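None of the figures in this text is laboratory data; all of them are computed from the coordinates on show. Remember, it's a predicted structure, so these values are computed and weren't measured experimentally. When we count neighbours, we look across all protein chains shown, and the Cβ atoms used for this are built from the backbone with ideal geometry, even at glycine.
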Amino acid sequence: MKKSIIISFEGIDGCGKTTIVKKFYKYLKKKKLDAIVLHEPGSTHVGEKIRRILLNKNISINKYCELFLYLASRIQLIEEKIKKYFDKNKIIILDRYIDSTFAYQGYGRKIPLKFIEKIHKKLISPKFIPDITFLIDEKPENLIKILKNKKADRIEKESIEFQKRVRKGYLKLATKNKRIKIIRREDEETTFKKVLKEWETFLNENRGNKKIFSKIKGKKQNI
Ligand code: TYD
């Protein structure tokens, strides 16, 4: 029986995903729900070390090495944190997760999707696939200014063509997976409202879904 809800936030670099994650977390807390935010790559001791390698703009990394480093961080996160919070019925919010690998390493780096899918299937139990994913969508051209004002990391330094492939990839993933909700980026408040609207729809659609709700004890009405 599923014990927890897993929610992930995705989008290309500079789309403002992390700000929306923080707002969403605060929103759930206000509703007195037991939620936790984790980010990828990272959120564990080992994962943070891997993150430093992955985002170091002064080193070059082979694309398969990159893929396995993201996966290594993910497996550690699942083993060390997600499993534990899942069993404690927490709502797990992930700032990037599985879809990032399909979008960046699959569509961005052109590693065959089938290969990425195969290793995920081998290593990750279906119960750790997100229940709902918010894809904050924006054209990379509109985010150049934001990225220019930031100290760009190794991935953010990639070409606009790379970011375009990643965005297209995300949109393709959304057509293939019903759980991925496309949220067109607007100003912060409007974007957040759209996330809440999709969240409420998700909750209404799953009211009778014991798998999702049985373990959020007594909180059904408050969500
Ligand atoms: P981060 O600073 O967390 O980016 P953001 O604030 O935009 O979420 O850096 C994570 C970077 O790693 C980001 O550029 C996307 C990339 N990434 C992958 O390429 N594959 C993955 O599987 C994950 C999780 C992230």
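Each Lys or Arg adds one and each Asp or Glu subtracts one; over the other residues with Cβ under 9 Å from the Cβ of SER100, this totals -2. With the cut-off at 1.5 for a/c, could you classify the stretch 169-211 from its C-alpha gyration tensor as rounded, prolate or oblate? It is oblate, given that a/c is not under 1.5 and a/b is not larger than b/c. Fully extending the segment from LYS168 to ASN206, taken as 0.36 nm per residue of separation minus the present Cα-Cα distance, adds 10.8 nm.
Would you compute the Debye intensity of the stretch 1-103 from its alpha-carbon atoms alone, equal scatterers and no solvent, and pass along log10 I(q)/I(0) at q = 0.20 Å⁻¹ to two decimals? Listed by q, the Debye log ratios stand at -1.08. Distant-in-sequence amide contacts of ALA35, defined by a placed amide H-H separation under 5 Å and a gap of 5 or more residues or a different chain, comprise ILE91. Spread over its residues, the convex hull of the C-alpha atoms of the chain is 120 Å³ per residue. Considering all C-alpha pairs of the stretch 127-199, those separated by over 15 Å amount to 62%. Applying a threshold of 22 Å to the alpha-carbon distances of LYS17/LYS164; LYS26/LYS172; LYS22/LYS118 flags LYS26/LYS172; LYS22/LYS118 as lying beyond it. Counting only DSSP beta bridges whose two residues both lie in the chain, roughly 0 percent are antiparallel.
Full extension of the chain segment joining ILE119 with ASP187 gains 20.7 nm, where the gain is 0.36 nm per residue of separation less the Cα-Cα distance.
Extension gain, ASN56 to LYS176, is 39.9 nm, computed as 0.36 nm per intervening residue step minus the present C-alpha separation. Given the options LYS168, LYS127, LYS145, state which has the largest fluctuation in a GNM of the chain using a 10 Å cut-off (strictly under) for Cα springs. Of LYS168, LYS127, LYS145, the Gaussian network model singles out LYS145 as fluctuating most.
Between the stretch 120-193 and the stretch 1-37, the alpha-carbon centres lie 15 Å apart.
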